[in-house]
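The values are calculated or read from the model by the stated rules, or taken from the named source; none is laboratory data. Because the structure is predicted, anything quoted here is derived from the model rather than measured. Reconstructed Cβ throughout: ideal geometry from the backbone, glycine too, with neighbour counts over all protein chains shown. Quick note on the areas: whole protein, heavy atoms, side chains included, nothing else; ligands and nucleic acids left out. Shrake-Rupley method; radii C 1.70, N 1.55, O 1.52, S 1.80 Å.
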There are 4 protein chains.
Amino acid sequence: MKRVAIIGAAGYAGAELTRLVLGHPDLELVTVTSAAEAGKTVADVYPALAGCTLVYAEPALASIAANVDIAFLAVPHTAALALAPGLLDAGITVIDASADFRLRDASIYAAWYGVEHSAPDLLADAIYGLPELWRDALPGARLVACPGCYPTATLLAAAPAIEAGVVTSGRVIVDAKSGVSGAGRSAVPGTHYVAVNESVAAYKVVAHRHTPEIAQGLADLGLSDPRVAFTPHLVPMTRGLLSTVYFEAGAGTDTDAIYSMYAERYKDEPFVTVHPSGRMPATAEVRGSNRAHIGVAVDAASRTLVVACAIDNLVKGTSGQAVQCANIVLGIPETTGLDLPVPVL
Amino acid sequence: MKRVAIIGAAGYAGAELTRLVLGHPDLELVTVTSAAEAGKTVADVYPALAGCTLVYAEPALASIAANVDIAFLAVPHTAALALAPGLLDAGITVIDASADFRLRDASIYAAWYGVEHSAPDLLADAIYGLPELWRDALPGARLVACPGCYPTATLLAAAPAIEAGVVTSGRVIVDAKSGVSGAGRSAVPGTHYVAVNESVAAYKVVAHRHTPEIAQGLADLGLSDPRVAFTPHLVPMTRGLLSTVYFEAGAGTDTDAIYSMYAERYKDEPFVTVHPSGRMPATAEVRGSNRAHIGVAVDAASRTLVVACAIDNLVKGTSGQAVQCANIVLGIPETTGLDLPVPVL
Amino acid sequence: MKRVAIIGAAGYAGAELTRLVLGHPDLELVTVTSAAEAGKTVADVYPALAGCTLVYAEPALASIAANVDIAFLAVPHTAALALAPGLLDAGITVIDASADFRLRDASIYAAWYGVEHSAPDLLADAIYGLPELWRDALPGARLVACPGCYPTATLLAAAPAIEAGVVTSGRVIVDAKSGVSGAGRSAVPGTHYVAVNESVAAYKVVAHRHTPEIAQGLADLGLSDPRVAFTPHLVPMTRGLLSTVYFEAGAGTDTDAIYSMYAERYKDEPFVTVHPSGRMPATAEVRGSNRAHIGVAVDAASRTLVVACAIDNLVKGTSGQAVQCANIVLGIPETTGLDLPVPVL
Amino acid sequence: MKRVAIIGAAGYAGAELTRLVLGHPDLELVTVTSAAEAGKTVADVYPALAGCTLVYAEPALASIAANVDIAFLAVPHTAALALAPGLLDAGITVIDASADFRLRDASIYAAWYGVEHSAPDLLADAIYGLPELWRDALPGARLVACPGCYPTATLLAAAPAIEAGVVTSGRVIVDAKSGVSGAGRSAVPGTHYVAVNESVAAYKVVAHRHTPEIAQGLADLGLSDPRVAFTPHLVPMTRGLLSTVYFEAGAGTDTDAIYSMYAERYKDEPFVTVHPSGRMPATAEVRGSNRAHIGVAVDAASRTLVVACAIDNLVKGTSGQAVQCANIVLGIPETTGLDLPVPVL
């Protein structure tokens, strides 16, 4: 039984982490922190977790360090930079759901996040936590940088085609659609019900911070000189993320062959389902679960390979992936705590 | 390990039953039937249950009877009438989520459902499955009639006040609001997205079949001559049910006293939370869970006691309650398979 | 052509007023004010009004007074108290959509709004602007207090039964359901998309400020000693308001008779439709329009008269009613600017 | 005053046409037909059009021909093939909102719609009704083929860049998102509220029938050898369509230059707004209106031009465009009946 702290536990990702750790047979949740909700119980803030009497504490490093074996960071970028070194020094395994340790090049971090990286020496040791693609690096890791939600869906959609050499041209169009929980729990004009409901819109076009992370991942998969055009869209729903990815496809590629290749690539992955040819995934299929559902199609006329990947932005896109990584790091069977059937609607 | 069949497993309630039984450590799902989806796997029809390779069978009594210890019926009314006698004769425990065995008076059934009751002799043995109110009758029961979703929320809202004698006058206003899944999986004009979205409306006013069931339950709780005005409303959401119940309140009643009474009444109930004075429940709090959340308020000026109860219509309102009843019937700890944290949003 | 100012024009009600005045053939919009959006154009803030280059001004009394014949106040309570006396002194007709002049008794205002009424001398002259019920008082009025959205729907639902003497007992249950725009444009936790979506909840139970206004209106209609139990609910939709009202009905009342009475009462009202017996209104029917749709049902068993009234909270519930009142005040045909077909979905 | 028939008037597009013609000062609606709703009034079927007592008739050619000057066809493909020749022979102007006369090449029609074109001789005379791009052909036209909703948004997004020669490479990625009303009024599993709500999914990937129409339009605009990868998505909202279009952009292109070009191209168009650099349109901005809102961005790193165009699928995407075309055909000022402010939320 490993003792767990969740730092930033009152945000949406933190709350889903709380849910998953509470239901995990090998993890014991001992500390939840939240500057904004300090003093309240989890059940006060999230009535869906009725019965959970843990009290949000101020995020004080010393008390966390004294009590836990592993810490999940569900904090905004830069906050993880401030916390991780101390936690690591105290011998605590850090699973970071923020952006702070995802980009290996500190200058790219500075360029996209507008702030110098204060712990560049840790970047070399941070393991990018996308088990289906880079599982082997995780066992025993000290610091795991969990991918963003958009990169998770996009890289899962891209990997088989790139690994198999079907896609070689660098230009990749990523048109992604996310539910509103991805925007976080803050009440701002853009998250007002009236602003979101009955509308769909692109946002942060050519400017979303997940762009360099997607490019880094595509390069790691073997794509030379990736040129990523990434356009996220906001959709009127609470949860869910669909990434529709477009690659230039060589002549002769067909949907059935691509399907077979994808199915083979992911056949042993417990959390990935590749739909048969002609069937595309819907985000509702993965609501609340750690699964990724993928569909593929080749448009022969335009020589385009279209791959869509649906995940729950708060589970496979954040909290579930963090637990999956923790399981691997700790030597716990990978699906532990993540394999229960979820509500079907 | 008890072997389980779910009859009518491809409807929404049946699918949620499937989910709950699959996650239940002491139940083994061996048979799922569906006339409409026969031959398909559960995962085909409900991708959220990816990995479930059980195949929907035709609902043939003989094969069900030969293989299981307990059968959940998630079928329309009259279909349970046709199935239950044979299952009981075969020694199978029947947990019926339909309306067929809820009303003890066969003539009231005939009046509201427009068809004669074909098994009136079984009515005396059918146990009304609302554990928080009538738990003691359940252990060892052969036939359990699980309440409708509206009666569940309404009777949980009413019980403490009636049992304590605070409410004696018979007139009760029940204004309830349900998500669309309560209307079932059939594609009809009234369930078209465009018909439901951005609209709220009352339906089946003065004519909903849960009315006599609510009245029967109120009488069983001790209310003399219950006169129930029940108005259900359809709300643009998938799941969730809120019943707002209005009673004439005696002079001198106040919110704090009522709160204390409700809190005391339900303090040992694992699935019921009574919110502190001044706080009302939202259906989102119980989405996907077997919980009921209750809030109370007394309007001194109009001498009205207002009690609101939120449940998930497909869990505490149907499938979860069925599993809860089955646990009690079978001597399994009551919360087994129902106590895992659910997604918080 | 009357010159119009809209004060508080950047809130939702103000924006809908802007839309209606822009489309009104006899009104000319010359001034829109907004402290929050001063300096921006209407089209900047509301792209649906693309092409409207009016610039939001600071709400300065002097410049308003110099330029317009009529002012619509779409401001929070107390702000109208500050503005109305000066506007009236300048000879400007004031159509106030706030709560400040609705309650004739200043002490009730103080009790419910928590602030002393600073212009009690104006209360006697303020005309309550619900034309279908009190039209005769409006022509030539100097100060119109437009009703709240909940009182509008509730009083339209109640009037025929009270006027005809069918309802005499004072206890009235008002269970109302509103879209989120009723909560205003401020981004607060309660208007976050994630907080509202997929949930229904009661709010401000026994405490909503429209309660005394409903009671005042019921008394004005002839109900002696009205005892109002009013419970508003928040529903996941942008616009729309349904008030379901429950009265004790005398023996012998039936739905058809009540329908005939309601149909007769409203037969000449251009904005009211009474649905035939057995049909209840949906808020989608009136989305974007100034209409009120009403359905009635008598529950003989419980001796309850149920009346549901659907309006668009931002039109008949606010801005449309304000324009309708202005038309009457100014001697313009009552439906001018309000009679165009609205989108059907 | 021109006399109008709407054929297929009870579908969503037909109902919106009904709304627009009822509000049009120069058109008189004399006939509405619907096989499914024959005998009912418009107000019965669409309560939002309360007061409209026109009765849906069976779609009988003879009686239509005798009574009207112009007919709008809001019928499924092939139904217009059956109707148009007779109407034209009777001297009636036909504005066809179906797909039957959009593709100039009958063999492409046969390939995509799976049926031979029964009136190929009319194809040469059919005018493709997208006024902003091909206005000059419309005055006096006898048969107008109104574009599909996806082609409308996509071609408006593409035209300025192609016309200016900025885009020359033929490969175009069209990732579009539509509300559910685009799927029509039939209650089928895919339009069930529960199937649509809280989910986003691609559909008919590589197979949607608007693909050849988009390609034809791009070629007409001057793009050589257009290769269109078109992926429509279903979004949980009633109305609205966003087309996000990706072009290969030459080096040196920048967002400001593209914005200027687009703004210049559409500066005199009454229904098109180009948002300033950095701002993307939301479908809510155009809900209920005939407007198209466009945003542009250049991603220098990936050499991609991203253009998003938002329309209301039922107005600019169907009914409004049909009225706009009719205005031009008939010599009525183009914005007549389409220029009233619409609800802002």
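You will find that of B:VAL21, B:VAL75, B:VAL68, the residue that is within 11 Å of another protein chain (Cβ to nearest Cβ) and at pLDDT 95 or above is B:VAL21 and no other.
Pairing residues of segment A:243-272 that are over 18 Å from B:GLY51 (Cα atoms) with residues that are open to solvent by less than 10 Å² (accessible area, probe 1.4 Å) and in a loop (DSSP other than H, G, I, E, B), at Cβ distances under 8 Å and at least 6 apart in sequence or on separate chains, gives A:PHE247/A:VAL167; A:GLU248/A:VAL167; A:ALA249/A:VAL167. From the residues in segment B:263-290 that are among the hydrophobic types (A, V, I, L, M, F, W, C) and closer than 20 Å to B:LEU130 by Cβ, which one is farthest from the other protein chains (Cβ to nearest Cβ)? My answer is B:ALA263. Of the helices (runs of 4 or more DSSP H) contained entirely in segment A:61-156, those carrying at least 2 residues that are within 13 Å of the chain's Cα centre (by Cα) and touching a residue at least 60 places away in the same chain (Cβ under 8 Å) fall at A:131-134. Among what's in segment D:167-188 and is of a type outside the set (Gly, Ala, Ser) and in contact with a helix residue (DSSP H, G or I) (Cβ under 7 Å, 6 or more places away or on another chain), pick the residue that is surrounded by the fewest Cβ atoms within 10 Å (Cβ to Cβ). It comes out as D:ARG185. Among the residues of segment B:6-51, write down those that are in a strand (DSSP E or B) and in contact with a Pro (Cβ under 9 Å, 6 or more places away or on another chain). Answer for segment B:6-51, where residues must be in a strand (DSSP E or B) and in contact with a Pro (Cβ under 9 Å, 6 or more places away or on another chain): B:ILE7, B:THR33. The test for being within 10 Å of chain D (Cβ to nearest Cβ), under 26 Å from A:ARG227 (Cα atoms) and either in contact with a strand residue (DSSP E or B) (Cβ under 6 Å, 6 or more places away or on another chain) or at pLDDT 95 or above (or both) holds for A:GLY170.
Checked against the criteria, B:GLU334 counts as among the charged types (D, E, K, R), outside the structural domain of B:TYR259 (by TED's automatic domain parsing) and open to solvent by 10 Å² or more (accessible area, probe 1.4 Å). Regarding segment D:236-246, can at least one residue be identified that is farther than 30 Å from C:GLU198 by Cα, within 11 Å of chain A (Cβ to nearest Cβ), modelled with pLDDT of 95 or more and buried (at least 23 other Cβ atoms within 10 Å of the Cβ)? Yes: one or more hits. For beta carbons closer than 6 Å, sequence separation of 6+ or different chains, a first residue in segment C:203-217 that is away from chain B (no Cβ under 13 Å) and a second that is hydrophobic (A, V, I, L, M, F, W, C), the qualifying pairs are C:ARG209/C:TRP112; C:GLY217/C:LEU155. State yes or no: is B:TYR56 more than 14 Å from B:THR318 (Cα to Cα) and either free of Cβ contacts under 8 Å to residues at least 12 places away in the same chain or away from chain A (no Cβ under 11 Å) (or both)? So B:TYR56 fits the description; yes. The set of residues in segment A:32-60 being among the polar types (S, T, N, Q) and either open to solvent by 60 Å² or more (accessible area, probe 1.4 Å) or within 25 Å of the chain's Cα centre (by Cα) (or both) consists of A:THR33, A:SER34, A:THR53. Here is the figure for segment B:218-235: residues that are within 7 Å of another protein chain (Cβ to nearest Cβ) and within 14 Å of C:ASP299 (Cβ to Cβ) total 4.
Matching residues to (1) open to solvent by 10 Å² or more (accessible area, probe 1.4 Å); (2) at pLDDT below 95; (3) in contact with a Pro (Cβ under 7 Å, 6 or more places away or on another chain):
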residue: B:GLY114; (1), (2), (3): yes, no, no
residue: B:ASP121; (1), (2), (3): yes, no, no
residue: B:LEU138; (1), (2), (3): no, no, yes
residue: B:ALA158; (1), (2), (3): no, no, no
residue: B:GLY190; (1), (2), (3): yes, no, no
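Just checking, which of B:ILE311, B:ILE328 is more than 10 Å from every other protein chain (Cβ to nearest Cβ), open to solvent by 10 Å² or more (accessible area, probe 1.4 Å) and modelled with pLDDT of 95 or more? Full working, then the answer.
Numbers: B:ILE311 fails: open to solvent by 10 Å² or more (accessible area, probe 1.4 Å).
After applying the criteria, what remains is B:ILE328.
Tell me, yes or no, whether segment A:291-300 has at least one residue that is of a type in the set (D, E, K, R), away from chain D (no Cβ under 14 Å) and open to solvent by less than 20 Å² (accessible area, probe 1.4 Å). Taking every residue of segment A:291-300 in turn, none turns out to be of a type in the set (D, E, K, R), away from chain D (no Cβ under 14 Å) and open to solvent by less than 20 Å² (accessible area, probe 1.4 Å).
Here's a check for you: in segment B:247-262, which residue that is closer than 29 Å to B:LEU338 by Cβ and either open to solvent by less than 30 Å² (accessible area, probe 1.4 Å) or among the polar types (S, T, N, Q) (or both) is nearest to the other protein chains (Cβ to nearest Cβ)?
Filtering first and then ranking leaves B:ILE258.
Please go through segment D:206-235 and pick out each residue that is polar (S, T, N, Q) and modelled with pLDDT under 95. Listed by number, the list holds a single entry, D:SER224.
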